[in-house]
Amino acid sequence: MVPLEWYLLLAFALFAIGVTGVLVRRNVIMVLLSIELILNSANITFVAYSYYLQSITGQIVVFFVLTMAAAEVALGLALVIALYRVRAVMNVDEINLMRW
């Protein structure tokens, strides 16, 4: 049986990689992928505590987080594709206008 601390360390590592990706990367796609890593680290934490506490509440929360992540990816990719078609940029530093 894997101890709870290992799951928490894995979740922390994924969270740290995700936060680093959001702060360091300039490509919009990479920022979206980093946000996914952050959400998955939260999911690992919820599932680990759900298993160790023998409660299904954490797994229900994971279902909602996965749904939110899917919506975030769909909306984010739609915005990125629309932005790329109009301005042909993928760098977050060059995306500074809300009005095209």
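Does the range 13-30 include one or more residues that are assigned to a helix (DSSP H, G or I), more than 15 Å from the chain's Cα centre (by Cα) and crowded, with 19+ Cβ neighbours inside 10 Å? Looking through the range 13-30, none of the residues is assigned to a helix (DSSP H, G or I), more than 15 Å from the chain's Cα centre (by Cα) and crowded, with 19+ Cβ neighbours inside 10 Å. Among residues of the range 64-87 that are touching a residue at least 12 places away in the same chain (Cβ under 8 Å), those with a Cβ under 6 angstrom from a residue that is open to solvent by 90 Å² or more (accessible area, probe 1.4 Å), sequence gap 6+ or separate chain, pair up as 86/100. Listed by first and then second residue, the pairs with beta-carbon distance under 6 Å, at least 6 apart or on different chains, first residue in the range 35-46 and among the β-branched types (Val, Ile, Thr), second buried (at least 19 other Cβ atoms within 10 Å of the Cβ) and assigned to a helix (DSSP H, G or I), are 38/18; 44/11; 45/11. The set of residues in the range 53-93 being of a type outside the set (A, V, I, L, M, F, W, C) and either in a helix (DSSP H, G or I) or open to solvent by less than 90 Å² (accessible area, probe 1.4 Å) (or both) consists of 55, 57, 58, 59, 67, 72, 76, 84, 85, 87, 91.
The values are calculated or read from the model by the stated rules, or taken from the named source; none is laboratory data. Computed from a predicted model, the values in this text were never measured in an experiment. Neighbour counts run over all protein chains shown; Cβ positions are idealised from the backbone, glycine included. Remember, those area values only see protein heavy atoms, side chains included, never the ligands or the DNA or RNA. Shrake-Rupley method; radii C 1.70, N 1.55, O 1.52, S 1.80 Å.
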